[in-house]
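To start, I am sharing the structure in question, which I have written as structure tokens.
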Amino acid sequence: MSRSALLVLDMVNELVHPDGHYAHVCREEVARRNVIERTAQAVERARSRDIPVIHVVLGYSSHYEDWPPASDLFGPPDPERRFTLGSWGTRVHERLTPEPGENVVVKQRVSPFYGTNLESLLRSRKIGTLLLAGVATDLVVLMTAREAHDRDFAVEVLEDATATGDQELQDAALLLLARTAEVSSVERALPAAGRVAA
């Protein structure tokens, strides 16, 4: 039987903390859907089952040479360089802080597989199933699920631990995700102790 891993996608301060400069992209939905607490619940339950937790963060060098220069999505580089690696903005939200020994994969594009060691990390740990939580559902979560599918991983999206700009986009993303992944929930994928998943 293959092992599972929980991927916590882009849950960094700039994107999900109320004080984050880019939190406006999905701040209201993160709060309304209680995504930070549900993701924290998933992380805690994964840790209690010895399921590896892998944090994926967006971050750039101090000179920003690795910023995507022609991307309509990313736009021109932020003059404040808020996504400089090691800054407050690129740290995982304090409610989800990685524990010692947990892997943190740094990416510079939407996909956590592009230009990173994520796939080799998963293969070395004999991971066969990815549980996905994080933001944004229509971008990072969707891209991760599709690329993982094409790399022969099983994928389970914890939909109640994901969010994007609005409910319409969320619903559309989940429809697309269901084509290559199982759309699940924290409770179904990682039931509370003593409960059996339905």
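Give the residues of region 37-75 that are under 15 Å from the mean Cα position of the chain (by Cα), closer than 14 Å to Glu14 by Cβ and open to solvent by 40 Å² or more (accessible area, probe 1.4 Å), sorted by residue number.
none
Looking only at region 142-189, count every residue that is closer than 23 Å to Glu119 by Cα and not basic (Lys, Arg) and tell me the total.
27
Cβ-Cβ below 6 Å, separation at least six or inter-chain, first residue in region 21-39 and closer than 18 Å to Leu132 by Cβ, second open to solvent by less than 80 Å² (accessible area, probe 1.4 Å) and β-branched (Val, Ile, Thr): which pairs?
Every condition considered, the pairs that remain are Cys26/Val135; Cys26/Thr164; Val30/Val16; Arg38/Val186.
Inspect all residues belonging to region 37-52 and state whether any of them is assigned to a loop (DSSP other than H, G, I, E, B) and farther than 22 Å from Arg123 by Cα.
Among the residues of region 37-52, not one is assigned to a loop (DSSP other than H, G, I, E, B) and farther than 22 Å from Arg123 by Cα, which makes the answer no.
Exactly one of (1) open to solvent by less than 50 Å² (accessible area, probe 1.4 Å); (2) of a type outside the set (Lys, Arg); (3) within 21 Å of Ala46 (Cα to Cα) is unmet by Ala193. Its number?
Condition not satisfied by Ala193: (1).
What number of residues within region 100-115 satisfy the criterion of being touching a Ser or Thr at 6+ places or on another chain (Cβ under 9 Å), open to solvent by 40 Å² or more (accessible area, probe 1.4 Å) and either among the acidic types (Asp, Glu) or not in a loop (DSSP other than H, G, I, E, B) (or both)?
Qualifying residue count for the region: 1.
For region 95-109, indicate whether the set of residues that are without any contact (Cβ under 8 Å) to a residue 12 or more places away in the chain and either touching a Gly at 6+ places or on another chain (Cβ under 6 Å) or of a type in the set (Ser, Thr, Tyr) (or both) is non-empty.
yes
Follow-up. Would you call Asp138 open to solvent by less than 50 Å² (accessible area, probe 1.4 Å), farther than 23 Å from Leu176 by Cα and among the charged types (D, E, K, R)?
no
So, of the residues in region 20-36 that are in a loop (DSSP other than H, G, I, E, B) and modelled with pLDDT under 90, which turns out to be least open to solvent (accessible area, probe 1.4 Å)?
Step by step, filter region 20-36, then rank; the result is Tyr22.
Of these, Asp152, Asp171, Asp78, which one is out of contact with any His (no Cβ under 6 Å at 6 or more places or on another chain), open to solvent by 30 Å² or more (accessible area, probe 1.4 Å) and over 24 Å from Ala40 (Cα atoms)?
Just a single option satisfies the conditions, and that option is Asp152.
Identify all residues within region 174-183 that are more than 16 Å from the chain's Cα centre (by Cα), open to solvent by less than 70 Å² (accessible area, probe 1.4 Å) and more than 13 Å from Asp138 (Cα to Cα); write none if there are none.
Thr180
Another question, then. Every residue in region 1-19 that is outside any helix (DSSP H, G or I), open to solvent by 10 Å² or more (accessible area, probe 1.4 Å) and of a type in the set (A, V, I, L, M, F, W, C), please.
Met1
Can you pull out the residues in region 81-99 that are open to solvent by 90 Å² or more (accessible area, probe 1.4 Å) and at pLDDT below 95?
Answer for region 81-99, where residues must be open to solvent by 90 Å² or more (accessible area, probe 1.4 Å) and at pLDDT below 95: just Arg81.
The values are calculated or read from the model by the stated rules, or taken from the named source; none is laboratory data. Please read all numbers here as calculations on a predicted model, not as lab measurements. In this analysis, Cβ positions are derived from the backbone assuming ideal geometry, glycine residues included, and neighbour counts consider all displayed protein chains. Accessible surface areas use protein heavy atoms only, side chains included; no ligands, DNA or RNA. Shrake-Rupley method; radii C 1.70, N 1.55, O 1.52, S 1.80 Å.
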